[in-house]
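Working notes, beginning with the structure itself.
The values are calculated or read from the model by the stated rules, or taken from the named source; none is laboratory data. Worth saying up front: this structure is predicted, and the values here are computed from it rather than measured. Neighbour counts are summed over all protein chains in view; Cβ atoms, including those assigned to glycine, are modelled from backbone coordinates with ideal geometry. Remember, those area values only see protein heavy atoms, side chains included, never the ligands or the DNA or RNA. Shrake-Rupley method; radii C 1.70, N 1.55, O 1.52, S 1.80 Å.
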Amino acid sequence: MRQLQVSAIKDGTVIDHIDSKSTFKVASILNIPAESRLILVGMNLSSRQLGKKGIIKIEGKVLNQEEANKIALIAPNATLNIIKNFEVVEKRRVSLPEELVGIVKCFNPNCISNHERIQTRLKVVKKAPVRLRCHYCERTMEGEDIELL
Amino acid sequence: MVSLKNKDIISIRDFTKEEILYALNMAMEMEERSYPELLKGKVLATLFFEPSTRTRMSFESAMKLLGGEVISFAEPSATSLVKGESLKDAVKIIEGYSDIIVIRHFLEGAPRLTADTVNIPVINAGDGANQHPTQTFLDLYTILRAKGSLEGLSVGFLGDLKYGRTVHSLAYALAHFPCQMLFISPPSLRMPAYQLEELRERGVKYSEHSSFEEVCHRLDVLYCTRIQQERFADPVEYEKVKGTYRLSKSLVEGLKVKPDFKILHPLPRVDEMDESLDETPYAVYFQQARSGIPVRKALLAAILGAK
Ligand SMILES: Nc1ncnc2c1ncn2[C@@H]1O[C@H](COP(=O)(O)OP(=O)(O)OP(=O)(O)O)[C@@H](O)[C@H]1O
Ligand SMILES: [Mg+2]
Ligand SMILES: [Zn+2]
């Protein structure tokens, strides 16, 4: 067996191929700081695909596709590896969900979501390039207008 | 079968072609007959966080003509909302007093949030620069009355196409019907690219122009809008475009417009439409303003499930 750059887990989920500088953002979207399980986070690992990559390993939890998709906006190349008894038993890609809840800020200062204590809701109207429409004010945003919370 | 019972009226985007036609047909019925007892015992709460005399009176009048009651607050400053109560809390309480809520708010998306929060139907009476769907229904109704159909028309949009929310919503709704759209504006006030892209994706045939005179002979309908000074951060920019279009009786009669050409305008106007046009057969904008009553009666009756 080859040497792992971040230690092995027995059962759980490995999120691989995260753009290195987005690793903490991914962790926070997945609410990892609040987890009590064993979590291993690696950054600036060398990757042939990405140059530098980040990796997050969660012991004892199989992340479902819906949870994983929340990270698609900032880590579009991420792969989800399900580990059982130290082996990769399943490998999946992430893809943008139909709606991003509480992840992206609406760029419209006149939007109610920037004034009331509510979660933002952005519909994904186009995947490449990403275009989002606010559930509340209906404004569309893309490129630099898309700002994470 | 189409029914609008319990449906919120927040954005014209939420309506199918069938639902739009259903509401417009009901508005015709409302114009033909009166139903003074239809909404007896029903209470409408109007929540206007931004003043709008005409829209508010039109809703209140429509409700009363159908036998319903209206409650409202005098002034937003008189409510607890300015004391920091959230909109969500406020509308939850008002839900207990009424069967339907009509809301106008300066923050975009406030009506959607209200509809998500309460279980009774909610009508958006205008949220900032976003939507004013009942205006769109009455624009469509006016075109339908004037032309007999919404299908296959050549519709011109003139004026401020960049900020004009009535233009965006009407274009969106007319895209359900195979229409030809001609967008006529100064270069700085063109339809936003994302609006055009959406129309393209929905198969609409459109073209952009800066001269009214060059294209007016092709039009069945012209939707004229005012260039709103308050939209311009820079007064110099406003000075550059104000008065770009000045339609008058002599101008329109001197051009080869179609004999049954019709002009709409959501009013109020500034100088883009001269009063000399008012008496011509082209002008339907006062009918348009009067359509507010039958259209709002129809929408109230439909979502309260009374018809
Ligand atoms: N038991 C384990 N515990 C922790 N991490 C593991 C375990 N097994 C594999 N990994 C990690 O999961 C990821 C996927 O493992 P895999 O063996 O499929 O690597 P790979 O062939 O490089 O996959 P890919 O083509 O997705 O890059 C790698 O980053 C690997 O280091
Ligand atoms: Mg690898
Ligand atoms: Zn918004």
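Taken over the stretch A:105-148, the criterion of being outside any strand (DSSP E or B), of a type in the set (A, V, I, L, M) and more than 10 Å from chain B (Cβ to nearest Cβ) is satisfied by A:Ala128, A:Val130, A:Ile146.
In this structure, A:Lys91 qualifies as more than 14 Å from every other protein chain (Cβ to nearest Cβ), within 16 Å of ligand 1 (Cβ to nearest atom) and under 18 Å from the mean Cα position of the chain (by Cα). Of all positions in the stretch A:77-88, none carries a residue that is of a type in the set (A, V, I, L, M), surrounded by fewer than 20 Cβ atoms within 10 Å (Cβ to Cβ) and more than 14 Å from ligand 1 (Cβ to nearest atom). Filtering A:Ile56, A:Ile71, A:Ile29, A:Ile18 for residues that are within 14 Å of ligand 2 (Cβ to nearest atom) and either in contact with a Ser or Thr (Cβ under 8 Å, 6 or more places away or on another chain) or away from every other protein chain (no Cβ under 14 Å) (or both) leaves a single hit, A:Ile18.
Among the residues of the stretch A:28-65, those identified as part of a strand (DSSP E or B) and open to solvent by 60 Å² or more (accessible area, probe 1.4 Å) are A:Val41, A:Met43, A:Asn44, A:Ser46, A:Lys52. Those strands (runs of 3 or more DSSP E) of the stretch B:93-210 in which 1 or more residues are within 14 Å of chain A (Cβ to nearest Cβ) and in contact (Cβ under 8 Å) with a residue 40 or more places away in the chain occupy B:100-105, B:122-127.
Within the stretch A:77-86, being of a type outside the set (Val, Ile, Thr) and either away from ligand 2 (no atom under 15 Å from the Cβ) or in contact with a Pro (Cβ under 9 Å, 6 or more places away or on another chain) (or both) holds for A:Lys84, A:Asn85, A:Phe86. Looking across the stretch A:84-132, the residues that are within 16 Å of ligand 3 (Cβ to nearest atom), out of contact with any strand residue (DSSP E or B) (no Cβ under 7 Å at 6 or more places or on another chain) and not small (Gly, Ala, Ser) come down to A:Pro109, A:Asn114, A:His115, A:Glu116, A:Arg117, A:Ile118. The lone criterion from (1) closer than 30 Å to B:Lys92 by Cβ; (2) surrounded by fewer than 17 Cβ atoms within 10 Å (Cβ to Cβ) left unmet by B:Lys17 is number (1).
Quick one: is A:Ile18 touching a residue at least 60 places away in the same chain (Cβ under 8 Å), under 25 Å from A:Lys127 (Cα atoms) and in contact with a Gly (Cβ under 6 Å, 6 or more places away or on another chain)?
yes
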